[in-house]
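The values are calculated or read from the model by the stated rules, or taken from the named source; none is laboratory data. Here the structure is a predicted model, which is why all the values come from computation and not from measurement. Note: ideal-geometry Cβ built from the backbone for every residue, glycine included; neighbour counts use all protein chains shown.
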Amino acid sequence: MQESENRLFKFPKFEDLIIHEDDNLIVINKPPFVASLDDRAGSEINILRLAKKYHPDAQVCHRLDKETSGILLIAKNPETYRLVSIEFERRRVNKVYHAVIGGTHTFDDLHVNLPILNQGQKNVSIDRAKGKAAETIFNSLQYFKHYTLVECKPITGRMHQIRIHLATQHAAIVNDEMYRGKPIFLSQIKKRGFTLAKNEEEQPIIKRFALHARAVSFTINEKAYAFEADYPKDFATLLRLLEKFDS
């Protein structure tokens, strides 16, 4: 990150992100706009680099998209990394995400089973012939006039899986431009009393796609783990404003 960007973006201390720590595992609530792993240029702040400063043997066990907030598991030793990786590979990690989507959608254990093809350069597509199996279960949690809060349970772990599976249901995540998700502005939902200062350009309520890794549970060596991550400020603000002006 450039020095000017650092002044604009005040990153919290790594210790403040931790929601659980024991001898083998660190669990954090990842903020949005921070990569899980090193990018190719290796120039940006990322969780792996911060975790290794905190604990030299730290390894990130899975990844979240840069804009996605929420639970991230970090192993403190190679054996824990191996065990957690096995649980992910065998699809025994229960993952729950929350997303705000455009439109009112009634999802009641909607099972989307559409193969995803990774085309490289962070581009994926639905491809029934060449894609890898991808399954997600969706449930509507809260309805607004023009939006819906949705619970997303990915069974597999393909790149952009939740985002593209929602898009196939004409239910793109708010502000997810890659999958035709539109930004949400306060002026859209607050019809009365909304004003902007002269020459001021209105900004979206949330400046990223509205996806949060809410909870995760798994078992290692007969010990059960279950964690939940609070909404970050931008996601919580979006829901609060929808409840106030779009209910």
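Structure values in brief
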| quantity | calculated |
| --- | --- |
| All strands (runs of 3 or more DSSP E) inside the range 95-183 with 2 or more residues being under 17 Å from Ser69 (Cα atoms) | 147-154 |
| Failed item in (1) crowded, with 17+ Cβ neighbours inside 10 Å; (2) of a type in the set (Val, Ile, Thr); (3) modelled with pLDDT under 95, with Ile45 passing the rest | (1) |
| Filter result for Ala224 (outside the structural domain of Leu25 (by TED's automatic domain parsing), loosely packed, with under 11 Cβ neighbours inside 10 Å and closer than 30 Å to Arg90 by Cβ) | yes |
| Test: residue in the range 197-211 that is surrounded by 12 or more Cβ atoms within 10 Å (Cβ to Cβ), over 21 Å from Arg63 (Cα atoms) and aliphatic (A, V, I, L, M) | yes |
| Flag for Asp109 being acidic (Asp, Glu) and closer than 16 Å to Glu151 by Cα | yes |
